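Visitor: Just dropping this structure here.
The values are calculated or read from the model by the stated rules, or taken from the named source; none is laboratory data. Source: prediction; values computed, not measured. As a convention, Cβ positions derive from the backbone with ideal geometry for all residues, glycine included, and neighbour counts pool all protein chains shown.
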Amino acid sequence: MEPFVHETRAARVVFGPGSRRLLPRELEQLGIRRALVLTTPEQAALGEQVAALLGDRSVGVYSKAVMHVPAEVARAAMATVAQLGVDGCIAVGGGSTVGLAKAIALESALPIVALPTTYAGSEMTPLYGITEAAHKKTGRDWRVAPRAVVYDPELTLTLPPGLTMTSGMNAMAHAAEALYAPDGNPVFSLMAEEGIRALATVLPRLRDAPQDLQARGEALYGAWLCGTVLGNLQMGVHHKLCHTLGGSFNLPHAEVHTVMLPYALAYNAALVPHAMARIARALGREAAPAGMRQLGEGLGVPRSLREIGMPEEGLDRAADLVVAGAYPNPRPIERAAIRALLQRAYHGATPG
Ligand code: NAD
């Protein structure tokens, strides 16, 4: 066995259908008396329901979270936080809403309680991003990680079918790269493999029965595991590709992850056969890149960058941006190989 370091961070997780009703207890434990509930505009009504559960511990709902946390949105939210004397944020939503809460925490050190409604996993990570002048600045700081996470599968019943599938694939991407992360260890590898297994098993069920609460719970369980490894380990070429394509070409986050994952796995496959074997085992298929592609085909998710709005003339610039920043990855990130990968992904060609 290889030498390793395993460090765990305190993150309280409360899991189960209806668990949002335990929020007052969670706020009590954190000493939050003036909570601001954060949502996107689309989830404002859900925010009001959560605020009602909090009674006089809620000072209101702020429903202006949007993708990629624009700096002006974060500043406006901070002004509201100061004006209302807020002492904690309740993020009800996906990665965009949790992202806004993190931007507030970065400035104010206020505690966050997260109620995730997608499978993106941001609630389990110390990673934040703020977009200023079309550039997304990202960082890592455990002060922005939510202090408590309440996983209530009932909140995911409304997740649209397409986003259910792509968000689940987004989660699996974290776990896949965790299995070859340079700082990985046997415990996080167990979580990663189990996260892939849970999602690969349950997404086909959810495709056929999106209202199956039991299945929704299993998907959220998988998302929790995948988010945990994302938060603790260094990600590789796949996350670099998706960060570049999402941030610089404004492609939808979960869909970019979905399209790129088989290609990123094919890029690394020859150098990390052990990780590939574990991914394949978790998928119940013969090979990791092809297996991930087959899973996606069965789920009806997008297969090409072209389908999700990538301009072909942007592929050269994307390749330049991907090779520009240092990212740990089993295989060196070489421009010609990355450009070829992007071309294949653009057309949805067979990975590898
Ligand atoms: P999202 O939060 O942007 O949500 C997408 C849309 O779906 C929104 O309109 C939202 O209101 C809606 N929605 C979410 N849950 C719903 C539900 N249950 N029912 C109905 N509608 C629902 O999507 P996302 O994929 O969760 O997050 C993407 C963002 O999160 C990106 O900006 C990405 O960079 C960031 N992210 C950050 C981390 C991290 O660790 N910092 C991890 C993953 C993603």
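Visitor: Which of the residues spanning the range 50-77 are under 24 Å from the mean Cα position of the chain (by Cα), surrounded by fewer than 17 Cβ atoms within 10 Å (Cβ to Cβ) and assigned to a helix (DSSP H, G or I)?
Guide: Across the range 50-77, the qualifying residues are ALA71, GLU72, ARG75.
Visitor: While we're on this one: Looking for something touching an Asp or Glu at 6+ places or on another chain (Cβ under 8 Å), under 30 Å from ARG143 (Cβ atoms), buried (at least 23 other Cβ atoms within 10 Å of the Cβ) and at pLDDT 95 or above - is there at least one such residue anywhere in the range 213-223?
Guide: Scanning the range 213-223, I find at least one residue that is touching an Asp or Glu at 6+ places or on another chain (Cβ under 8 Å), under 30 Å from ARG143 (Cβ atoms), buried (at least 23 other Cβ atoms within 10 Å of the Cβ) and at pLDDT 95 or above, so the answer is yes.
Visitor: Given the criterion within 30 Å of ALA198 (Cβ to Cβ) and out of contact with any Pro (no Cβ under 9 Å at 6 or more places or on another chain), identify the matching residue among ARG306, ARG344, ARG278, ARG293.
Guide: ARG278
Visitor: Another question, then. Give all pairs with beta carbons closer than 8 Å in which a residue from the range 297-320 that is outside any helix (DSSP H, G or I) meets a residue that is of a type in the set (D, E, K, R); count only pairs at least 6 apart in sequence or on separate chains.
Guide: Hits for this filter: GLY300/ARG207; VAL301/GLU255; PRO302/GLU255; ARG303/ARG293; ARG303/GLU297.
Visitor: Okay, moving on. Taking ALA173 as the residue in question, decide whether it is closer than 14 Å to ALA275 by Cα and either among the aliphatic types (A, V, I, L, M) or not assigned by TED's automatic domain parsing to the domain that holds LEU127 (or both).
Guide: Criteria met by ALA173.
Visitor: Could you identify the single residue in ALA120, ALA105 that is under 13 Å from the mean Cα position of the chain (by Cα) and not assigned by TED's automatic domain parsing to the domain that holds ASN329?
Guide: ALA120
Visitor: Still on this structure: From the list ALA277, ALA318, which residue is aliphatic (A, V, I, L, M) and under 23 Å from the mean Cα position of the chain (by Cα)?
Guide: It is ALA318.
Visitor: Among the candidates GLY300, GLY291, which residue alone is in contact with a helix residue (DSSP H, G or I) (Cβ under 8 Å, 6 or more places away or on another chain), surrounded by fewer than 19 Cβ atoms within 10 Å (Cβ to Cβ) and either at pLDDT 95 or above or outside the structural domain of ASN185 (by TED's automatic domain parsing) (or both)?
Guide: On the way: GLY291 fails: surrounded by fewer than 19 Cβ atoms within 10 Å (Cβ to Cβ).
Exactly one residue qualifies, and that residue is GLY300.
Visitor: Which one of these does PRO160 not meet: (1) in contact (Cβ under 8 Å) with a residue 12 or more places away in the chain; (2) within 23 Å of THR201 (Cα to Cα)?
Guide: (1)
Visitor: Among the candidates GLU107, GLU72, which residue alone is more than 8 Å from the ligand (Cβ to nearest atom), closer than 25 Å to GLN29 by Cβ and among the acidic types (Asp, Glu)?
Guide: None of the other options fit; the residue is GLU107.
Visitor: Right, next: Cβ-Cβ under 6 Å, sequence separation 6+ or interchain: first residue in the range 89-105 and in contact (Cβ under 8 Å) with a residue 24 or more places away in the chain, partner aromatic (Phe, Trp, Tyr) and near the ligand (Cβ under 10 Å from one of its atoms). Which pairs?
Guide: LYS102/TYR128
Visitor: Give, as residue ranges, the helices (runs of 4 or more DSSP H) completely inside the range 231-292 that count at least 2 residues that are touching a residue at least 12 places away in the same chain (Cβ under 8 Å) and within 16 Å of the ligand (Cβ to nearest atom).
Guide: Ranges flagged: 237-249, 253-268.
Visitor: Turning to a different aspect of this structure: Looking only at the range 78-102, which residues are more than 19 Å from LEU30 (Cβ to Cβ) and not in a loop (DSSP other than H, G, I, E, B)? Show your work before the answer.
Guide: The initial filter retains those residues of the range 78-102 that are more than 19 Å from LEU30 (Cβ to Cβ), namely 78-80, 82-83, 93-96, 99.
Across the range 78-102, the qualifying residues are MET78, ALA79, THR80, ALA82, GLN83, GLY93, GLY95, SER96, GLY99.
Visitor: Still on this model: Among (1) in a loop (DSSP other than H, G, I, E, B); (2) exposed (fewer than 15 other Cβ atoms within 10 Å of the Cβ), there is one condition PRO17 misses while meeting the rest; what is its number?
Guide: (2)
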